[in-house]
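The structure appears below as structure tokens.
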């Protein structure tokens with residue numbers, strides 16, 4: 001059991017609220033929520049991952065539903081992608097306890113820098129739908145993306161929504177808004193897949209996870225409605241800003257550990 005004071009709980013709830021908004025717009029809320037959990041005294045990396053999943057699934061459920069009602073994402077893409085992502089996330093979660101905690105931040109930092117450079121160098125990326133393929137090739141590619149990112153989500157987690165969005169935009173050719181809508185459905189499946197492993201193994205801290213999840217849910221609802229109202233241009237700008245801020249934050253952590 002963790003002995004947390006009121007101030008710490010309030011800060012974690014605020015982290016959940018911010019994470020829900022960011023996750024609903026562009027993904028990557030876990031890069032706010034998980035580091036906050038890892039700062040809690042006495043919590044293990046696996047407990048932090050598991051509790052983060054509980055908070056995140058509450059936010060992704062409401063944002064996915066909001067996007068579904070207002071954007072109408074293509075379920076023929078979402079379904080195979082979500083299914084393979086769920087399986088991949090379960091497998092990744094099973095391996096999570098074998099990854100040294102000190103490797104988490106450097107791995108995520110390198111991937112985020114690559115994503116930021118790619119997005120900035122292609123200013124027209126994600127402005128409009130320009131699908132690369134149709135039919136089975138489109139669905140199989142979506143399923144492959146789901147499996148890979150699902151495994152990453154179960155194993156490490158932070159940035160999954162961001163990686164889903166950039167994959168849907170850069171590989172499949174979606175605009176940022178429909179990509180965000182699809183990403184929320186798939187992200188819900190990855191969170192569920194990870195929890196299917198973590199819950200039976202007793203890794204979730206329920207009280208803390210539910211409190212952060214309630215805040216995440218509110219942030220997710222507000223973020224999804226704002227993204228739908230403002231469109232792909234707004235989502236792209238937020239995407240670049242969030243990725244840049246996260247690179248600075250994680251880069252500082254890496255430098256601090258090296259000094």
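The values are calculated or read from the model by the stated rules, or taken from the named source; none is laboratory data. As the structure is a prediction and not an experimental result, all values here were calculated from the model. Note: ideal-geometry Cβ built from the backbone for every residue, glycine included; neighbour counts use all protein chains shown.
Looking at 94, 24, 85, just one residue is closer than 21 Å to residue 221 by Cβ and part of a helix (DSSP H, G or I), and that residue is 24. The requirement of being surrounded by 15 or more Cβ atoms within 10 Å (Cβ to Cβ), over 14 Å from the mean Cα position of the chain (by Cα) and either over 24 Å from residue 36 (Cβ atoms) or at pLDDT below 90 (or both) is not satisfied by residue 76. The residue that is modelled with the highest pLDDT, among those in the range 14-39 that are surrounded by fewer than 19 Cβ atoms within 10 Å (Cβ to Cβ) and farther than 23 Å from residue 116 by Cα, is 14.
Per-residue answers, yes or no, for (1) at pLDDT 80 or above; (2) in a loop (DSSP other than H, G, I, E, B); (3) more than 27 Å from residue 66 (Cβ to Cβ):
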| site | (1), (2), (3) |
| --- | --- |
| 111 | no, no, yes |
| 114 | no, no, yes |
| 127 | no, yes, no |
| 150 | yes, no, no |
| 154 | no, no, no |
| 163 | yes, no, no |
| 166 | yes, no, no |
| 177 | yes, no, no |
| 185 | yes, no, no |
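All of 72, 20, 28, 16 fail the test of being touching a helix residue (DSSP H, G or I) at 6+ places or on another chain (Cβ under 7 Å) and on the phi > 0 side of the Ramachandran plot, apart from 28.
Checked across the range 79-99, the condition of being in contact with a helix residue (DSSP H, G or I) (Cβ under 8 Å, 6 or more places away or on another chain), over 29 Å from residue 139 (Cα atoms) and either at pLDDT 85 or above or surrounded by fewer than 24 Cβ atoms within 10 Å (Cβ to Cβ) (or both) holds for at least one residue. When the residues of the range 207-220 are filtered to those that are closer than 18 Å to residue 38 by Cβ and modelled with pLDDT of 90 or more, the one that is nearest to the chain's Cα centre (by Cα) is 216.
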